[in-house]
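This report concerns only the one structure given below.
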Amino acid sequence: MTTNNPLSEDQQLETADLKDFRNGVVDWIKHNTPADPGFLLPQTFMEVGSEQVLDFLREWQYKVWSSGYLGMAWPKEYGGGGMPRIFQQIADEEMKRARVPICFNIIGLGWAGPLIIDTGTDFEKETYLKGILTGEDIWCQGFSEPNHGSDLGSIQTRAERDGDEYIINGSKIWTTMGNYAKYMILLARTDPQAERRYNGLSFFLAPMGTEGITTSPIQKLTGDYGFTETFFTDARIPARCLMGEEGHGWRIAMQTLQYERGAEAGAAGGVSILATVMDDLLRIADDVQRDGQPLMKDPVTRDNLVKFLIEEQALYLAEKRVKIPALCADYPNSLALSTKLRGTEFFRRMRQYALTLQGASSALYVGDEDAVEGGFWQRAYMNNFSTTIGGGTSQIQANIIGEHVLGLPKD
């Protein structure tokens, strides 16, 4: 699945140096994108369910980093490139355009890494950052718990100080790549008697190889694995794993979620999700026939496609607008805080419409020889639900916008 988009306005305005850099990225991708490995590759970082897939993606991420196209804006002394962020943005654009394999270590690249760079100690930066970039050290997230959903303030996993260690007991769920991870960003309760429940939480950079930490895989709707449930049974981690001060975990967790939801910059880069764009949907409308004619000739279909095109362009323009303070003065942070909700819901509806266009064939899945485009859209649609849940559900995102942008009361 490839697209032939014309140069964007940003590309047309690039300096000669940036154009040369972009051409270099395109040439590198042309000569280094791996061939089809003969097995199904993940569409997102939430589907790495086998050692075979992990080894392939780890090798690919290392190649991207060692060639200088990952972590370009991270500090040079910790494995990054020390370059202006525009270079990473260009590299990411071209990798997305070419549909290269994903960089799988996204919780490290996009959340833990930026957090450590912005707020971590020199020891934490020296210990953790380079391994995130190379793919050697996989990271997972320990926020959500069974029976508590998106209500992080109610988590029950305990961390009790015992000398130079903390003893962890409890469980976490939806732990992406928990069975492969070396480290976890962990939110746990250190003071169950705190007057405000948020004040009793602390944030840890926890080693997953600790005795007493076990994982159990969870199968997704797609049939893929990628999530686990994680159990802590008297697991002892060094006290130096505490990030910041004890009892300040809620503030650090909220900052982490800003990276996850796209409201803060700092991610190392790379492709985290195999994107679908309107060019792909337009191709479906051209290829699929109904009553002997391409669906593109149906006026209702064309009208719906135009609406999707307008919305896609609005998302693109919002990314540009958020960088111009004067255009965001009425509701500061409104675009940044709504990025996740707008993006994930748009792609969910767009992918669902691609299935609608397929008619009865939409019931066919990956592996069926008659499936349209090999069942790509069916898998993409079901995978999209994880993005509308992770980082806070769409309902939670709507509440955030209502409270923090529109100023609506919590009740």
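Which of the residues spanning the range 320-355 are modelled with pLDDT of 90 or more and small (G, A, S)? Within the range 320-355, just A354 meets the criteria. Cβ separations smaller than 6 Å between residues 6+ apart or across chains give no pair from the range 35-47 residues that are assigned by TED's automatic domain parsing to the domain that holds A181 and closer than 13 Å to V100 by Cβ to residues that are at pLDDT 90 or above and in a loop (DSSP other than H, G, I, E, B). For E165, indicate whether it is touching a residue at least 60 places away in the same chain (Cβ under 8 Å), among the acidic types (D, E) and assigned by TED's automatic domain parsing to the domain that holds I102. Taking the combined requirement at face value, the residue does not satisfy it.
Of all residues in the range 338-359, those satisfying the criterion of being polar (S, T, N, Q) and either in contact (Cβ under 8 Å) with a residue 40 or more places away in the chain or outside the structural domain of R302 (by TED's automatic domain parsing) (or both) are S338, T339, T344, Q358.
Considering the range 362-373, the residues that are in contact (Cβ under 8 Å) with a residue 12 or more places away in the chain and part of a helix (DSSP H, G or I) include one that is surrounded by the fewest Cβ atoms within 10 Å (Cβ to Cβ), namely E373.
The residues of the range 159-174 that are more than 15 Å from T210 (Cβ to Cβ) and out of contact with any Ser or Thr (no Cβ under 8 Å at 6 or more places or on another chain) amount to a single one, G163. Checked against (1) in contact (Cβ under 8 Å) with a residue 12 or more places away in the chain; (2) over 21 Å from the mean Cα position of the chain (by Cα), G407 meets all criteria but (1).
Among the residues of the range 319-337, at least one is surrounded by 13 or more Cβ atoms within 10 Å (Cβ to Cβ), at positive phi and either of a type in the set (K, R) or assigned by TED's automatic domain parsing to the domain that holds L282 (or both). Every test in (1) without any contact (Cβ under 8 Å) to a residue 40 or more places away in the chain; (2) farther than 13 Å from G269 by Cα is passed by Y128 save one, and that test is (1). N383 passes every criterion in (1) out of contact with any Asp or Glu (no Cβ under 9 Å at 6 or more places or on another chain); (2) within 29 Å of G266 (Cα to Cα); (3) among the polar types (S, T, N, Q) apart from (1).
The values are calculated or read from the model by the stated rules, or taken from the named source; none is laboratory data. Not measured: the values here are computed from a predicted model. Here the Cβ is made from the backbone with ideal geometry for all residues, glycine too, and neighbour counts use every protein chain on show.
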